[in-house]
Every structure is written in structure tokens, then in C-alpha cells.
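Taken together, the values in this text are just the output of simple stated rules run on the coordinates, not laboratory data. None of the values given here were measured: they were computed from a predicted structure. Counting neighbours? That spans all protein chains shown, and the Cβs are built from the backbone with ideal geometry, glycine included.
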Amino acid sequence: MKRCFLAVALLGLCVSAFAAGTPKVGDPAPAVEAKDQDGKTFTLAEHAGKHAVLLYFYPKDETPGCTKQACGLRDRMGELEKDGVVVVGVSRDDAASHAKFRAKHNLNFPLLVDADGKLTETFGTPMEGRPLSRRVSFLIGTDGKIAAVTDNRDAQVHLDEMKAAIAKLKAPK
């Protein structure tokens, strides 16, 4: 019984420590500087005071859920641009994989290369036991703070939750 309790307690501590690493609503967004599929540098700082940024982490190019999510964002890009939102994808895939994925699906936003996993770690999104990121999106306001976070694994629900968060961000206070 003591071993079972100890195992559960340790598991709880691990989960808490893992979750504690994910930025929460109201926190300043961690700095982001990474190359996209074309080798261009993207920084979050360049959008401060100008645009909200939907920074979405996803596991892997060309997987069914990730493709559905990316194409859903592509199809909503007109709305997102009207709302003043810049979309940026992040995964551990390399630039060549991103370029191929982007071209094949006519994606109209950059995909950042996080081959070393530093952004994934910084944003607390690693997939346990695998060199991938979990599906987690961060809506970062023009003030540089996290306005919303969603980690729903269903790509459609994930998109809908971000759309609702964007509407809330735009709403008069």
C-alpha cells in the first residue's frame, strides 16, 4: 500500500512539474526566435504592439490530425487576418519537411523549425517519451501576454477553441 501511495505521489509531482512549465493565461509569452521552412527568422518581439500571434505546436508534418489542423487554419486565414492575428506553426520537423508539408497543402503561414526541441521545452509542450510536441496552441496578445491556451487533441475542437479565444480577445473590455 505504501509503495502504491508513493508511486501515485511521485506521478503527481511529475505531472505538476510538467504542467508548471507551460505558460498560463496572463503570463508574459516566452521569447521566440526560430527559422521557418525558408530559413527566415521569426521573432515574437517583431509583432509586439501590432498583432496577436496564434503560436501552435503540433506533433508532426503529414500526420492526419496535424494536417487537419493546419488546413483548418489555412482555410480560416482570411478571418484571422481580419482579426489581426498572425499564425505560426511549430514542430520538431526539419525545414525540408516543413517546406514540403507547406507546399503540398498550400499553407499560408510559416512553420518554425524546432529540431532541437528548445521551443517545445520553453513552452512546456513535449510529448512524454517521444521527440515530438503535443498539440498545444497559445494565443499571444499584442501586449505580449498569453491570452489563451488550448491543448485539445481533437483538431476541430482545438480550432474552435482558438476562434472563441480570438473573439474574446477582440471584444471590448
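Summary table below
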quantity	calculated
Neighbour net charge for D160 - beta-carbon separation under 12 angstrom, K R +1, D E -1	0
Reciprocal of mean inverse Cα separation for the range 117-173 (Kirkwood radius, Å)	12.5 Å
From phi via Karplus (6.51, -1.76, 1.60), per-residue ³J(HN,Hα) for the range 28-36 in Hz, x at Gly/Pro	x, 5, x, 5, 10, 8, 7, 8, 8
Net dipole in debye of the chain [+1 Lys, Arg Cβ; -1 Asp, Glu Cβ; about Cα centre; nearest 20]	380 debye
Principal-axis tilt of helix 2-20 within the chain, Cα atoms, nearest 10 degrees	20 degrees
Across K50/K168; K24/K68; K104/K170, pairs whose alpha-carbon gap is larger than 23 Å	K24/K68; K104/K170
log₁₀ of I(q)/I(0) at q = 0.19, 0.24, 0.26, 0.30 Å⁻¹ - the range 77-129, Debye sum with one point per alpha carbon	-0.75, -0.94, -0.99, -1.08
Helix axis angle, 64-75 relative to the chain longest principal axis, alpha carbon, degrees	30 degrees
Cα-only Debye scattering, the chain: base-10 log of I(q)/I(0) at q = 0.09, 0.14, 0.16, 0.18 Å⁻¹	-0.31, -0.71, -0.92, -1.15
Vicinal HN-Hα couplings computed from phi for the range 151-157 (Karplus, 6.51 cos²θ - 1.76 cosθ + 1.60; Hz; Gly/Pro x)	10, 5, 6, 6, 4, 5, 4
Exposure proxy order (Cβ contacts within 10 Å, fewest to most) of R74, R102, R153	R153, R74, R102
Between 0 and 90°, nearest 10: helix 95-104 axis offset from the chain longest Cα axis	60 degrees
Normalised contact order of the chain, rounded percent, pairs of Cα under 8 Å and 6 or more residues apart	28 percent
Bridge type composition, the chain - antiparallel percent by DSSP, nearest 5	60 percent
